[in-house]
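Below: one structure, written as structure tokens.
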Amino acid sequence: MTSFVPMPSKRKRGVLRWVIFAVHMLPFALIILLYPTLEALFANTMLRLGMLSWGMLVVLHLIIVSVLDFRENIQFYRRERARQQMIAAQKKRQRMMSQLYVTPTDDETL
């Protein structure tokens with residue numbers, strides 16, 4: 001009796017989300033570092049409003065990415081646990097089948 005062992009599930013890595021986050025974060029970090037120079041160039045409050053809104057967008061993006069990553073981890077562990085339970089059930093079934101059929105020993109064949 002052959003048994004089917006499911007392949008281990010591959011964890012999806014949300015690399016694109018983190019790349020987009022880095023693309024958002026790098027200019028924001030540069031603006032924070034260059035703020036005194038930019039403040040001298042732009043004396044109005046539009047710069048502050050723009051930085052605040054951009055910062056909120058980056059934080060919102062980080063929260064969304066973290067929630068999605070957490071959700072994917074939960075789904076991965078559930079699939080992996082179901083796979084392990086299936087493998088354990090197949091091993092138990094094979095052990096029961098091997099105990100059901102008695103193989104003749106050398107003494108019985110003579």
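Within this structure, residue 62 passes the test of being of a type in the set (A, V, I, L, M), closer than 25 Å to residue 20 by Cα, assigned to a helix (DSSP H, G or I) and at pLDDT 80 or above.
Looking across segment 91-102, the residues that are at pLDDT 65 or above and either in a loop (DSSP other than H, G, I, E, B) or loosely packed, with under 10 Cβ neighbours inside 10 Å (or both) come down to 96, 99, 100, 101.
Can residue 78 be described as under 28 Å from residue 16 (Cα atoms), at pLDDT 90 or above and out of contact with any Asp or Glu (no Cβ under 7 Å at 6 or more places or on another chain)? Answer is yes for this residue.
Results for (1) at pLDDT 75 or above; (2) under 30 Å from residue 71 (Cβ atoms); (3) assigned to a helix (DSSP H, G or I); (4) small (Gly, Ala, Ser), shown as yes or no for each residue.
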site	(1), (2), (3), (4)
1	no, no, no, no
9	no, yes, no, yes
12	no, yes, no, no
16	yes, yes, yes, no
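Residue pairs whose Cβ atoms lie under 7 Å apart, sitting 6 or more positions apart in sequence or on different chains, and linking a residue in segment 47-64 that is free of Cβ contacts under 8 Å to residues at least 12 places away in the same chain to a partner that is surrounded by 14 or more Cβ atoms within 10 Å (Cβ to Cβ) and in a helix (DSSP H, G or I), are 47/38.
Among residues of segment 38-57 being outside any helix (DSSP H, G or I) and of a type in the set (A, V, I, L, M, F, W, C), the one that is nearest to residue 28 (Cα to Cα) is 42. Is it true that residue 83 is part of a helix (DSSP H, G or I) and either on the phi < 0 side of the Ramachandran plot or at pLDDT 85 or above (or both)? Judged against the criteria, residue 83 is a match.
The values are calculated or read from the model by the stated rules, or taken from the named source; none is laboratory data. This is a predicted model, so every value here is computed, not measured. Because the Cβ atoms are built from the backbone with ideal geometry, glycine has one as well, and the counts that use them run over all protein chains shown.
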